[in-house]
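Okay, so here's the structure we're looking at.
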Amino acid sequence: MGHAMEDALTRSIPRSVWHGWGDPTEMKPLRPDAWSYLTSRLGVQPLSTPRRPVQIDAVRVPTRRVDDEAIAELRTVVGHDLVRDDHDTRVRHAGGKSYPDMMRMWLGDGQEAPDAVVLPGTTDEIVQVLQICARRRIAVVPFGGGTSVVGGVAGTTGTDATSAGASGFTGVISLDLRRLDRMVSCDQLSRTAVFQAGVRGPDIERALRPYGLTLGHYPQSHQEATFGGYLATRSAGQASTGYGRVDQQVIGVRMATPTGELVVGGRSPASAAGPRLHDMVLGSEGTLGVISEATVRVQPMPTHKRYAAWLFGSFAAGSAALRQLSQELGHGWIADVARLSDEDESEVTFMHAGPVGKALLRYAGMRGLARPCLLILVWEGTDDQILKARQNACTPVLRQAGGIAAPSMIAKAWEKHRFSGPYQRDYLMGHRILADTLETATTWGNLADLHDRVGAAIRDALTAKGGRCLVMCHVSHVYPAGASLYYTFAAPEEQDPIAQWAAVKAAACEAISAGGGTITHHHAVGRDHRPYLAEELGDLGVRALHAVKRELDPAGIMNPGKLLPALPGAHRVADPTSDPGQLS
């Protein structure tokens, strides 16, 4: 593996700025040809003086509700300096990195800031903090890298009565796990490693590198997101077609809850000893407890890579090729990264690539592809001959599906900029352009219909007031039974951009639910997708989740307002002296 790639995977960036994504020095302006394309599609021009966020000291935060006695008690557990209620710390924990989170920060609205931020250093400290908060009716929002794009780490007003036990809170704290930041152990023989929840993506790779191993998990949030966040959201990385989703790698996990510590698995690589309780913890998004540590499978660190790019005449043709690769060749042969862009996203990619991209479009036109779709493939491993065999096995399948080989440099260029997408969103916000993403997944038989249905819903929402928009999509993860769909959209900002975003989000989520897709493939549920989860789980599934929550979090303090849909037919117990965690 080249030094540039090593740097990209193990370079930690500073803790994210309070008003945007990652390290602001990484944000680059769009090239003139990219602006020309946006002007032609959206009718926008770069602003001579881009909008900037307010200064951090101008962000409005609510008066602290957690009283001094509670603050003092929390400090007896973690230490005086590790319970912080200063203005800047509260602002930096006022939300995640979704478009509305960022827009509120830019406008100086920090009303969802926690009353205090607590930084525990051990699982036992987390349990003690949760028990204090349960007794005092203080809501707890676990916080890792703060990269949630679905409202997963936003605060709560304490008025949400639809989570089990949520009957009003005396305040809210953010539980920041940054001190749990190390690899506990590594078993080279078994190829397993134990990590604490607060370790960030680059630090995971840095810790494993001396052992010649990798987790192989590289979401776009890699440089900021934490291990615990990966598990709590059942994250998928850009190479998950090859390595698998992160939840598939978990052997054992520890979770601190208000009723004690839950330890699941870890004794063996597989077990038939009852239901797999791992799946109760993974994806729980901080609503049941706080993941503090986990044991995961790791893989040999790749030393070789092979790249390929292919062009197809349509998104349907490219999707058919991916389905054949996945079903006929299977896992171990298909590329570790398999990314197919539809016609619109491919056009944007080529137009932003300058003269090289335009030359590729001319080449595609000469081969009869009027609007080509771009497929990027990356194989990686420790034996180049095996990689060559894998690539060679895929080539005839791609050709038979109508694919035309393109220069591999396209795939290399994508990899070089694989973590830069969120910076472009922040840059466009400065020029009053709404830009965001959303995703889903479905079966191969439903993929084309869902692709068109959701894309149309997004376009209709963005053009409802006569405006223009750009809606793009790509397949980012491939399975034998189906694939994911990842949408990116952009439009001129309206007078109320948060309302504009909300209309798009609602339209897309309704189209996904009606069209048979999952409400989320890898961004988690959080607050934004929560209203749509009940349709996917069914009433009995929702009741089962609430039953687990009542057992682990009877006071309902854990990340209220996220993930769990309203309990069917539930209403609050009228007797104010009854257990506040009870719903009937």
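The values are calculated or read from the model by the stated rules, or taken from the named source; none is laboratory data. Just so you know, these numbers come straight off a predicted model, no measurement behind them. All Cβ positions, glycine included, derive from the backbone under ideal geometry; neighbour counts span all protein chains shown. We work out accessible area using only protein heavy atoms, side chains counted, and drop any ligands, DNA or RNA first. Shrake-Rupley method; radii C 1.70, N 1.55, O 1.52, S 1.80 Å.
3J(HN,Hα) along the range 541-558, derived from phi through the Karplus expression 6.51 cos²θ - 1.76 cosθ + 1.60 where θ = phi - 60°, amounts to x, 5, 4, 4, 4, 5, 5, 5, 5, 4, 6, 8, 9, x, 7, x, 8, 7 Hz, with x in place of Gly and Pro. What the Cβ-Cβ distance of Arg31 and Ala464 gives, at R0 = 51 Å and to the nearest 0.05, is a FRET efficiency of 0.95. The listed residues Lys465, Lys28, Lys562 rank as Lys465, Lys28, Lys562 when sorted by accessible area, largest first, using a 1.4 Å probe.
Per-residue packing, averaged as other Cβ atoms within 10 Å, sorts the ranges 512-524, 337-349 into the order 337-349, 512-524, beginning with the highest. Taking the DSSP beta bridges with both ends in the chain, the antiparallel portion is around 85 percent.
Considering helices alone, the calculated mean residue ellipticity of the chain at 222 nm is -10500 deg cm²/dmol, with DSSP H runs of length four and up weighted by -39500 (n - 2.57) and normalised per residue.
Each residue of the range 249-256 was assigned a 3J(HN,Hα) from its phi angle through the Karplus curve 6.51 cos²θ - 1.76 cosθ + 1.60 (θ = phi - 60°); the sequence is 9, 7, 9, x, 8, 10, 9, 7 Hz, with glycine and proline shown as x.
Expressed as a whole percent, the accessible area of the range 380-538 that falls on carbon and sulfur atoms is 53 (1.4 Å probe).
What does the charge dipole of the range 155-314 about its Cα centre add up to, to the nearest 20 debye, if the Cβ of each Lys and Arg holds +1 and the Cβ of each Asp and Glu holds -1?
The calculation lands at about 600 debye.
Projecting the Cα atoms of His217, Cys373, Gly198 onto the charge dipole of the chain (Cβ charges, centred on the Cα centre) puts Cys373 farthest toward the positive pole. For Ile386, the solvent-accessible surface computed with a 1.4 Å probe is close to 100 Å², ligands and nucleic acids excluded.
Ordered by 1.4 Å accessible area with all protein chains kept, Ser185, Ser284 run largest first as Ser185, Ser284. Rounded, prolate or oblate, given the Cα gyration tensor of the range 394-509, with a/c below 1.5 counting as rounded? Oblate is the answer for the range 394-509, as a/c is 1.5 or above yet b/c matches or exceeds a/b. Taking a ≥ b ≥ c as the square roots of the eigenvalues of the Cα gyration tensor of the chain, is the shape rounded (a/c under 1.5), prolate (a/b larger than b/c) or oblate? Because a/c hits 1.5 or more and a/b exceeds b/c, the chain counts as prolate.
Remark on Gly561: its backbone amide H falls under 5 Å from those of Ser163, a criterion applied only to residues 5 or more positions apart or on other chains, H modelled at 1.01 Å from N. Rounded to the nearest 10 degrees, the inclination of helix 32-42 to the longest alpha-carbon principal axis of the chain is 80 degrees.
Rolling a 1.4 angstrom probe over the protein heavy atoms with all chains in place gives the range 51-206 an accessible area of 37 Å² per residue.
Each label was represented as a point 7 Å from its Cα along the Cα-to-Cβ direction; for Ala389 and Thr303 these points are 1.8 nm apart.
Entry note, the chain: relative contact order of 17 percent, from Cα contacts under 8 Å with a spacing of 6+ residues.
Taking amide hydrogens as placed 1.01 Å from N in the peptide plane, the amide H of Gly482 sits under 5 Å from those of Trp444, each at least 5 positions away in sequence or on another chain. Which of rounded, prolate, oblate describes the range 476-560, given a ≥ b ≥ c as roots of the alpha-carbon gyration tensor eigenvalues and a/c under 1.5 marking rounded, otherwise prolate only if a/b is larger than b/c? Oblate is the answer for the range 476-560, as a/c is 1.5 or above yet b/c matches or exceeds a/b.
Take the cross-link list Lys305/Lys412; Lys97/Lys412; Lys416/Lys505; Lys412/Lys505; Lys28/Lys416 and give me the ones stretching past 21 Å between alpha-carbons. Exceeds cut-off: Lys97/Lys412; Lys416/Lys505; Lys412/Lys505. Remark: the Thr49-Ala544 segment gains 172.9 nm on full extension, using 0.36 nm per residue and subtracting the alpha carbon distance.
Sequentially through the range 126-141, phi angles give Karplus couplings (6.51, -1.76, 1.60; θ = phi - 60°) of 4, 4, 4, 4, 5, 5, 4, 5, 5, 5, 9, 6, 9, 5, 10, 10 Hz, Gly and Pro residues having no value and appearing as x. A dipole drawn for the chain from +1 and -1 charges on Cβ atoms has a positive end, and of Gly152, His278, Met409 the residue lying farthest that way is Met409.
Protection proxy ranking, highest mean first, for peptides 356-365, 268-277: 356-365, 268-277, where packing is the per-residue count of other beta-carbon atoms within 10 Å, averaged.
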